[in-house]
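Below you'll find the structure, written out as structure tokens, and then a few comments.
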Amino acid sequence: MGLGIVRSGKANAGVGMHRKVKLRFFTMRNVNIAGLVLGAVVLSSCNLPTFWAYKGATTQGQNEFHLWQGFIITAIFVAAITYGALVFAMARFRKRGDQVPKQTHSNIKWELIYTIVPVLIVIGLFAATFVSEDKIDAVSSHPALRVTVVGFQWGWKFEYPGGVTVVPKGSTYPTLELPQGETTTIKLLSNDVVHGFYIPAFNFSRYALPGVTNYFDFTPTKAGEFSGKCSQFCGLYHAEMLFNVRVVSPSQFSSWLTSQQQKVTA
Ligand SMILES: [Cu+2]
């Protein structure tokens, strides 16, 4: 009996007599079970499901992903307790006869519990969000690379040190080259209207706002090609505002940048 029901009163109580039912949630047995479940979740945290989210191909994106996992797991616990209590009450206290059940009101202990526990959950989620956002939005004072990204109607321009500029060419979308394992600070601008600089695999999107300069860091953890797009409807060819992200090793990156810089000076 999961909820540890303790009944008191005589077994042969007459019709109309009400049995006193006490719910003891905080028995040692229940505390042990809760501890085991919590321990199992913590120990298996590396193998938790993704819950339909990207794992994040940057350290910032992974932070976002872990926050998402925490929210979903909290929601699962809340749903299990809420629906469990609901189903238990429906089964345990279903109608058994025509007699009117004992009429009760207020239970200070349980009213305090179901007020304080949700407040603590909200405070916990708020604190986790605050800590994660702090890490995700942190901008390094000494990044390995600085790239300026400009959104315009309708495309993206990537500006690298040494006058290297990457822009869409005909039907080819521009590629944002980034070194793996190193921190790149992006300076995000807009030339005209509001655009959304969105890289799904990085779990990251930020507005490119006219007249506002946004800074953020990417520290890619995985080499590979990822797709990017504009996440804000910005006019007729908004759907054409696509770009690629290519994460390569630092040595590959520096040889690419050097070759591009040589083309600029040639
Ligand atoms: Cu746009």
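Here are a few things to note about the model shown:
- Antiparallel DSSP beta bridges within the range 108-266, as percent of all bridges there, nearest 5: 70
- Local electrostatic count at Phe152 - Lys and Arg +1, Asp and Glu -1, tallied over other residues with Cβ under 14 Å: -2
- Residues in the range 210-217 carry Karplus couplings, in order, of x, x, 10, 10, 10, 10, 7, 10 Hz; the curve used is 6.51 cos²θ - 1.76 cosθ + 1.60 with θ = phi - 60°, and Gly or Pro positions show x.
- Neighbour counts of other Cβ atoms within 10 Å put Lys187, Lys263 in the fewest-to-most order Lys263, Lys187.
- Cβ crowding within 10 Å averaged over residues, with 165-176, 222-233, 139-150 ranked highest first: 222-233, 139-150, 165-176
- Charge tally in the Cβ shell below 10 Å around Thr175, where Lys, Arg are +1 and Asp, Glu are -1, Thr175 excluded: -1
- In order along the range 139-152, phi translates into HN-Hα couplings of 10, 5, 7, 10, x, 6, 8, 10, 10, 9, 10, 10, x, 8 Hz, rounded to whole numbers, per the Karplus curve 6.51 cos²θ - 1.76 cosθ + 1.60 with θ = phi - 60° and x for Gly and Pro.
- Around Ile136: net Lys/Arg minus Asp/Glu count, Cβ-Cβ under 11 Å: -3
- Checking the Cα-Cα distances for Lys187/Lys263; Lys157/Lys263; Lys157/Lys187 against a 19 Å cut-off, the pairs over it are Lys187/Lys263.
- Modelled label reach - Thr258, point 7 Å along Cα→Cβ, the range 154-195 residues with backbone N closer than 19 Å: 160-165, 177-180, 182
- Subtracting the Cα-Cα distance of Tyr114 and Arg246 from 0.36 nm times their residue separation leaves 42.6 nm of extension gain.
- For the listed peptides 245-258, 72-85, a ranking on the average number of other beta carbons within 10 Å per residue, highest first, reads 245-258, 72-85.
- For Leu176, residues with placed amide H under 5 Å, excluding near neighbours: Asn244, Val245, Arg246
We did not get these values from a lab; they are worked out from the coordinates using the rules stated. In this text the structure is predicted, and so the values were computed from the model without any measurement. Cβ atoms come from the backbone with ideal geometry, glycine included; neighbour counts cover every protein chain shown.
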